[in-house]
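Structure first, commentary second.
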Amino acid sequence: MADKDTISFDVQSSTGDVQRLELPDNINLSLMEVLKASEYPIPATCGGMALCATCHVEILKGVENLSTPSDTELDMIDTLPNAAANSRLACQIRLDHRLDDAVILLKG
Amino acid sequence: MIIQTDIAIVGAGPVGLFAVFEAGLLKMRCHLIDALPQIGGQLSEIYPKKPIYDIPGFPEVQAQTLVDNLRKQIEPFKPTFTLGERVDSLTRNDDGSFILTTTDGTAVHSKVVVIAAGLGSFEPRKPEVADLGRFEGRGVTYMVKDPELFRDKNIIIAGGGDSALDWTIHLANIAKSVTLVHRNESFRGAPDSAEKVSTLAKNGKINLLLSANLKALHGNGVIKAVEIEDKQKQLLKIDTDYLIPLFGLTPKLGPIADWRLNLDKNAIEVNTFDYATNVSGIFAIGDINTYPGKLKLILCGFHEAALMAQSAFHFVYPDQKASFKYTTVNGVNAF
Ligand SMILES: Cc1cc2nc3c(=O)[nH]c(=O)nc-3n(C[C@H](O)[C@H](O)[C@H](O)COP(=O)(O)OP(=O)(O)OC[C@H]3O[C@@H](n4cnc5c(N)ncnc54)[C@H](O)[C@@H]3O)c2cc1C
Ligand code: FES
């Protein structure tokens, strides 16, 4: 997997549509920035500072591969009414091969 | 009662606040309305303690300090405020003046409307539980405006952030009973508040349900009981007079979308000559507007406020000519 030069994962919108995203692995972006660039309606009000939670996602598959969330991220998630055990803030996840084959549900 | 003013400003974020200054220099009075209980918009609600580095003349300024300074800067022009109310409707009188009406029925009559609504009005995040909407204003409330409303009542607070903890502590002495429902096993952040809440629970002053979730609401017309799934996955039905979900706020464009203004992706299209919208007498400044090259920055909003005021003058004083003077020459002539 590591020698592939694209990263691909599934994104499920709140209405249930699933779309596979395939991205080059040399762009230095967060998952929030990638989702925004792919025209998903994520306001990202705070610009990626883990302060607005508008980029809230649930990792339905593959959460174990991702880096562990920081305290600031967990604090923010804790205040949300619809947080789940695998909730994350997309702005705190780097786009890299750890996302390969993940399934991401948009919740913001 | 109708509030009379020259310019009604929707939104008391940094840009709405600075517009009071620019309007004041031209002898126009302003009334500001904001859905939040405090002024400052995104700065006070989302990042009060963060430093900002791109305000001209301030190498670094804390967001809340900038808001406090703006408040001080506009004081000479005696702005008036309606806070904690959302502007819901905008109507036009035959003489061209406007009436803005809020969710709580406050009416503001003005010659000019300035929309400085940022990313929209800050609205509560709502839990996903059936029938919530049906009980809003009928026992379900998302803001504690007047704690006395809850005196000797049974209340349930849901949430685990600072405001859920703080209101639990405050209302424990006022309400007949307080139940705090939190999804997780512990509270993150604000350790002293978390400590106080667990002491209150230990002493039987409040009912604390951890690892618990709201499942259903019951009542007829008004809320009577809430079903909660507890840690053991058992359903508890708790009688209550109020349910207060406190999960923070997030901006929503809201009613502005229905004011017949030209919109592009949730932003109001304006003319860069004076930030006028397609409706004569209505201007839009700050994050809420869009034009080619728009940047959502505080400093850009300040510039827009200055240009807007020059044109707004013609609506407030149709027979006069606005004269441009430096504050260094003319000073700031208070009302
Ligand atoms: C984390 C973060 C960091 C930022 N850092 C910077 C920075 O370093 N430099 C910079 O220049 N900018 C920064 N910004 C952007 C800056 O905060 C915005 O550009 C600025 O707040 C816009 O001001 P505003 O007055 O237009 O709107 P806002 O601050 O959004 O205020 C609008 C107000 O209008 C109210 N409102 C809206 N609709 C209604 C209604 N119908 N009824 C009643 N009230 C209503 C809202 O409740 C809100 O309080 C940052 C933003 C965030 C979130
Ligand atoms: S963009 Fe604001 S929390 Fe992620």
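The values are calculated or read from the model by the stated rules, or taken from the named source; none is laboratory data. Source: prediction; values computed, not measured. Reconstructed Cβ throughout: ideal geometry from the backbone, glycine too, with neighbour counts over all protein chains shown. Surface areas here come from the heavy atoms of the whole protein model, side chains and all, with no ligands, DNA or RNA. Shrake-Rupley method; radii C 1.70, N 1.55, O 1.52, S 1.80 Å.
When residues in region B:51-81 are screened for being assigned to a strand (DSSP E or B), farther than 17 Å from B:Gln38 by Cα and open to solvent by 60 Å² or more (accessible area, probe 1.4 Å), 1 of them pass. Within region B:110-119, the set of residues being within 14 Å of another protein chain (Cβ to nearest Cβ) and either modelled with pLDDT of 95 or more or under 15 Å from B:Ala158 (Cβ atoms) (or both) comprises B:Ala117, B:Gly118.
For region A:30-52, the set of residues classified as under 18 Å from A:Val103 (Cα atoms) and not small (Gly, Ala, Ser) consists of A:Leu31, A:Met32, A:Glu33, A:Val34, A:Leu35, A:Lys36, A:Glu39, A:Tyr40, A:Pro41, A:Ile42, listed by residue number.
Here B:Thr65 does not qualify as farther than 19 Å from B:Ala276 by Cα and near ligand 1 (Cβ under 9 Å from one of its atoms). Within region A:14-42, the residues that satisfy the criterion of being within 16 Å of ligand 1 (Cβ to nearest atom) and either within 14 Å of another protein chain (Cβ to nearest Cβ) or among the aliphatic types (A, V, I, L, M) (or both) are A:Met32, A:Lys36, A:Ile42. What's the number of the only condition in (1) of a type in the set (Gly, Ala, Ser); (2) surrounded by 21 or more Cβ atoms within 10 Å (Cβ to Cβ); (3) touching a residue at least 40 places away in the same chain (Cβ under 8 Å); (4) not assigned by TED's automatic domain parsing to the domain that holds B:Leu261 that B:Ala116 fails to meet? Among (1) of a type in the set (Gly, Ala, Ser); (2) surrounded by 21 or more Cβ atoms within 10 Å (Cβ to Cβ); (3) touching a residue at least 40 places away in the same chain (Cβ under 8 Å); (4) not assigned by TED's automatic domain parsing to the domain that holds B:Leu261, B:Ala116 violates only (4). Against the definition (within 11 Å of ligand 2 (Cβ to nearest atom), at negative phi and part of a strand (DSSP E or B)), how does A:Arg20 come out, yes or no? No. Within the set A:Thr79, A:Thr45, A:Thr72, the sole residue that is within 15 Å of ligand 2 (Cβ to nearest atom), surrounded by fewer than 19 Cβ atoms within 10 Å (Cβ to Cβ) and within 14 Å of chain B (Cβ to nearest Cβ) turns out to be A:Thr72. What's the total number of residues in region B:165-222 that are touching a strand residue (DSSP E or B) at 6+ places or on another chain (Cβ under 7 Å) and among the aliphatic types (A, V, I, L, M)? Here the count works out to 15.
Looking at region A:48-57, which of its residues are within 12 Å of another protein chain (Cβ to nearest Cβ), within 18 Å of B:Ile52 (Cβ to Cβ) and in contact with a strand residue (DSSP E or B) (Cβ under 9 Å, 6 or more places away or on another chain)? Hits for region A:48-57 are A:Ala50, A:Cys52. Within region B:175-216, the set of residues being open to solvent by 40 Å² or more (accessible area, probe 1.4 Å), under 20 Å from B:Asp241 (Cα atoms) and within 14 Å of another protein chain (Cβ to nearest Cβ) comprises B:Asn213, B:Lys215.
Condition check: out of contact with any helix residue (DSSP H, G or I) (no Cβ under 9 Å at 6 or more places or on another chain), of a type in the set (A, V, I, L, M, F, W, C) and within 14 Å of chain A (Cβ to nearest Cβ). Does B:Leu132 satisfy that? Yes; evaluated as a whole, the condition is true for this residue.
Could you list, in sequence order, the residues of region B:244-296 that are of a type in the set (A, V, I, L, M, F, W, C), exposed (fewer than 14 other Cβ atoms within 10 Å of the Cβ) and within 14 Å of another protein chain (Cβ to nearest Cβ)? Hit for region B:244-296 is B:Leu295, nothing else.
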